[in-house]
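Notes follow the structure.
All of the numbers you see were taken from the coordinates with simple rules; none came from a lab. Quick caveat, the model's predicted, so the values are computed rather than measured. Ideal geometry is used to build each Cβ from the backbone, glycine not excepted, and the neighbour counts take in all protein chains shown.
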Amino acid sequence: MAEPDYSHRSRVDKLGVKPGMRVHAGGIEELLPELAERDALPDDDGVDIAFVRVSARDELGALQATWSRVASRGAMWVVYPRGVTQVTQNDVLAAGRALGLLDVKVIRFSDTHTALRFVAPRAER
């Protein structure tokens, strides 16, 4: 079975942003025009999707504050640099799992960054 080709999809499509969704984009200014074009509504609390950028392990503490902005059925995307040792995918996974979250998707956010999606366990949604 051939692998699906997602290269034609836009970044906001891959991130699951739908028109009218409430979003919080902490520290990810380059995503704001794409979110506006998608008619996503910027907000701070009870959002459908929250984005947070981390560049080092010591910034992973921001995940808890970002997750607190997310509605019960929402998601959090953690954007982190690719191919560096300051923060790795295992670090991000461990930080999200320590909050009791499930990692459900990973995408190539840009040439230099990866994004990992976390959601609450099904029983908590």
(request) Enumerate the amide H contacts of K105 below 5 Å, restricted to partners 5 or more residues apart or on another chain; note that Pro and chain-start residues carry no placed amide H. (result) R117
(request) Please report how far the C-alpha centroid of segment 68-118 lies from that of segment 43-62, rounded to the nearest whole angstrom. (result) 9
(request) Please list the non-local residues whose amide H lies under 5 Å from the amide H of V47, H modeled 1.01 Å from N, same-chain partners needing a gap of 5 or more. (result) V70, A71
(request) Would you kindly derive the ³J(HN,Hα) couplings of segment 53-59 from the backbone phi angles with the Karplus curve 6.51 cos²θ - 1.76 cosθ + 1.60 (θ = phi - 60°), listing them in order in whole Hz, with x for Gly and Pro? (result) 9, 10, 10, 8, 4, 5, 8
(request) Let me have the 222 nm mean residue ellipticity of the chain computed from DSSP H runs of 4+ only, each contributing -39500 (n - 2.57), with the sum over all residues rounded to the nearest 500. (result) -5000 deg cm²/dmol
(message) Through the Karplus equation 6.51 cos²θ - 1.76 cosθ + 1.60, θ set to phi - 60°, convert the phi angles of segment 43-48 into ³J(HN,Hα) values in whole Hz; use x for Gly and Pro.
(response) 7, 10, 9, x, 7, 6
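Where the only charges are on Cβ atoms (+1 Lys, Arg; -1 Asp, Glu), what is the dipole of the chain about its Cα centre, to the nearest 20 debye? Walk me through the numbers before you get to the answer.
Working: 17 positive and 18 negative charges, 85 e Å.
Roughly 400 debye, rounded to the nearest 20.
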(request) Would you mind calculating the gained length between D103 and K18 on full extension (0.36 nm times residue separation, minus the Cα-Cα distance), in nm to one decimal? (result) 28.6 nm
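Return the FRET efficiency for the residue pair Q86, E29: r is the Cβ-Cβ distance, R0 is 22 Å, and the value is rounded to the nearest 0.05.
Details: r = 20 Å, r/R0 = 0.93.
It comes out at approximately 0.60.
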(request) Output ³J(HN,Hα) for segment 83-98: one whole-Hz value per residue in order, computed from phi by the Karplus curve 6.51 cos²θ - 1.76 cosθ + 1.60 with θ = phi - 60°, and x for Gly and Pro. (result) x, 10, 9, 4, 8, 10, 4, 4, 5, 5, 4, 4, 5, x, 5, 5
(message) Projecting each Cα onto the charge dipole of the chain (Lys/Arg +1, Asp/Glu -1 at the beta carbon, about the Cα centre), which of P81, L35, W67 comes out farthest on the positive side?
(response) W67
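Please compute the contact order of the chain in relative form: average sequence separation of alpha-carbon pairs under 8 Å and at least six residues apart, divided by the residue count, as a percent.
Values: 217 pairs, mean separation 24.9, N = 125.
This gives 20 percent for the chain.
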